[in-house]
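The values are calculated or read from the model by the stated rules, or taken from the named source; none is laboratory data. What you are looking at is a predicted structure, and each value in this text was computed from that prediction instead of being measured. Counting neighbours? That spans all protein chains shown, and the Cβs are built from the backbone with ideal geometry, glycine included.
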Amino acid sequence: MKVLVSLLLLLFTFAGSAQEIPEFYAQLAREVLPPNDGWAASGNGTTGGSAATPDRVFVVTNRAELLASLSSGTAPRIIFVQGTIDLNDGMTCAGYAAGTPYTLDAYVAAYNPATWGRRLPSGTLENARVTARTRQQNRIRVNLTSNTTLIGLPGAKIVGAHVRVNNVSNVIIRNLTFEDAYDCFPQWDPTDGSTGAWNSAYDNVSLTGATNVWVDHCEFNDGAHLDADQPLIFNRPYQVHDGLLDITNASDLVTVSWNRFLQHDKVMLIGGSDSATADRNKLRVTLHHNVFDTNVQRAPRVRFGKVHVYNNYYAAGSGYSYSWGVGVESQIYAEDNYFETGGLVHPSRFISRFNGNLIYAGETLVDGHAKKNRVDVVAEYNLVRNPDLSTAVTWTPELVAQRHPTQALPGLVLHTAGPFKE
């Protein structure tokens, strides 16, 4: 039976031509989340499109093919991405704004707080921004369906996309690079915080109301538009990206494993609002064996959820703010994580408090493998900040398929996380 399945996958018909899939990737596409591998193994587990019949297996090389592969029902499907698919597909920011009076210079001049004040933008230029934003949104959004495996062939990238796992279940995303979900038209909100903020609309991947999702061996980055390179406008960072992978709106039972999250500001939000009480008893997420490299914050920031964070590697670089955000009613269980700081970031900064108070942090190594490098992160936080955090979380993770010694992480995770290397 295994031989038959392999042969069916090695050669099938797509778009009228024969497509050959290397056996390694054909088998990879049929894999399901292993038993006990994090929260997404709960219930019926996460199988994605592993049961797809040959006519439900697609190879896509451009935007039109990708969207077409998602257009027919919820029976299991496997979608192989080949090469680079740019969801903007030749459109530029100027092209989206064509026929409207929007330019960034005009927008900045119109809503400068010195003259406009602390009112939300309104009127002709804000309407033009919304029109242009809607055009871009309609072009770059990709809505995955239930019972889908989205998987990359060697070197596959999805660029400029907002991939949504929205109110669906049983989805696997593997072996892809997601690059530069660039928002051409961020909104200025002068009421956001004490000084206002620029807000972007798009995550590389967002889970909203999604259940049983496995994101594995992917890379997330900002491509040509690094957050750190954006200018200050109105004395605030001009934010052209939102999250790399956000999990909100009562999403539940998610495993995020062996991924690379690179050089980004707001990496991963789990729970979108303190007032989203429907998130209670949801947002159960496992993060393991991921690389968080030179990010600023939210790795992750959590509200409401029970989130297991273990065997991850963190590199804290320039502009670092924090990694674990303790939000309202959240219970983070962090253990066996490794931080590389070059001595530039004190462990008391690894945690930031956002209206929550519960986080357990087991063994954490910082800048080395010796006994002296073991740090009680919560104790370090409590020494310098008030009010204290408590380690009295009310749950203990049980779904752990594989755990490695903390000292092994720099070699193991740095060399293995991200898209597969055959």
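Of all residues in segment 54-88, those satisfying the criterion of being polar (S, T, N, Q), more than 16 Å from Val171 (Cα to Cα) and not in a strand (DSSP E or B) are Thr61, Asn62, Gln82, Asn88. Note down all Cβ pairs under 7 Å where the first residue falls in segment 269-292 and is on the phi > 0 side of the Ramachandran plot and surrounded by fewer than 24 Cβ atoms within 10 Å (Cβ to Cβ), the second is hydrophobic (A, V, I, L, M, F, W, C) and at pLDDT 95 or above, and they're at least six residues apart or on different chains. Pairs that qualify, where the first residue is on the phi > 0 side of the Ramachandran plot and surrounded by fewer than 24 Cβ atoms within 10 Å (Cβ to Cβ) and the partner is hydrophobic (A, V, I, L, M, F, W, C) and at pLDDT 95 or above, are His289/Trp258; His289/Val413; His289/Ala417.
When restricted to residues that are free of Cβ contacts under 8 Å to residues at least 40 places away in the same chain and not in a loop (DSSP other than H, G, I, E, B), segment 253-268 contains 1.
Being over 20 Å from Val296 (Cβ atoms), in a loop (DSSP other than H, G, I, E, B), small (Gly, Ala, Ser) and at pLDDT 95 or above narrows it down to one residue among Ala379, Ala392, Ala408; which is it?
Details: Ala379 fails: in a loop (DSSP other than H, G, I, E, B); Ala408 fails: in a loop (DSSP other than H, G, I, E, B).
When all the criteria are applied, what remains is Ala392.
Being of a type in the set (A, V, I, L, M, F, W, C), farther than 22 Å from Ala97 by Cβ and not in a strand (DSSP E or B) is the filter here; which residues of segment 181-235 pass it? Result: Ala210, Cys218, Leu226, Ala228.
Go over the candidates Phe178, Phe185 one by one and state the one that is surrounded by 17 or more Cβ atoms within 10 Å (Cβ to Cβ), over 14 Å from the mean Cα position of the chain (by Cα) and among the aromatic types (Phe, Trp, Tyr). Lay out the reasoning, then the answer.
On the way: Phe178 fails: over 14 Å from the mean Cα position of the chain (by Cα).
Residue meeting the stated conditions: Phe185.
Just one residue in the set Asp183, Asp203, Asp189 is touching a helix residue (DSSP H, G or I) at 6+ places or on another chain (Cβ under 8 Å), more than 18 Å from Phe80 (Cα to Cα), of a type in the set (Asp, Glu) and modelled with pLDDT of 95 or more; that residue is Asp183.
For segment 395-405, taking the residues that are in contact with a helix residue (DSSP H, G or I) (Cβ under 8 Å, 6 or more places away or on another chain) and modelled with pLDDT of 95 or more, the one that is surrounded by the fewest Cβ atoms within 10 Å (Cβ to Cβ) is identified as His404. What are the residues in segment 351-376 that are surrounded by fewer than 14 Cβ atoms within 10 Å (Cβ to Cβ), on the phi > 0 side of the Ramachandran plot and assigned to a loop (DSSP other than H, G, I, E, B), if any? Of everything in segment 351-376, just one residue is surrounded by fewer than 14 Cβ atoms within 10 Å (Cβ to Cβ), on the phi > 0 side of the Ramachandran plot and assigned to a loop (DSSP other than H, G, I, E, B), namely Gly368.
Within segment 24-51, residues that are farther than 26 Å from Val309 by Cα sit with their Cβ atoms under 7 Å from residues that are part of a loop (DSSP other than H, G, I, E, B) and among the β-branched types (Val, Ile, Thr), at 6+ positions apart or across chains, in these pairs: Ser50/Val32. The number of residues in segment 313-335 that are under 15 Å from Val291 (Cβ atoms), surrounded by fewer than 22 Cβ atoms within 10 Å (Cβ to Cβ) and either touching a strand residue (DSSP E or B) at 6+ places or on another chain (Cβ under 6 Å) or in contact (Cβ under 8 Å) with a residue 60 or more places away in the chain (or both) comes to 1.
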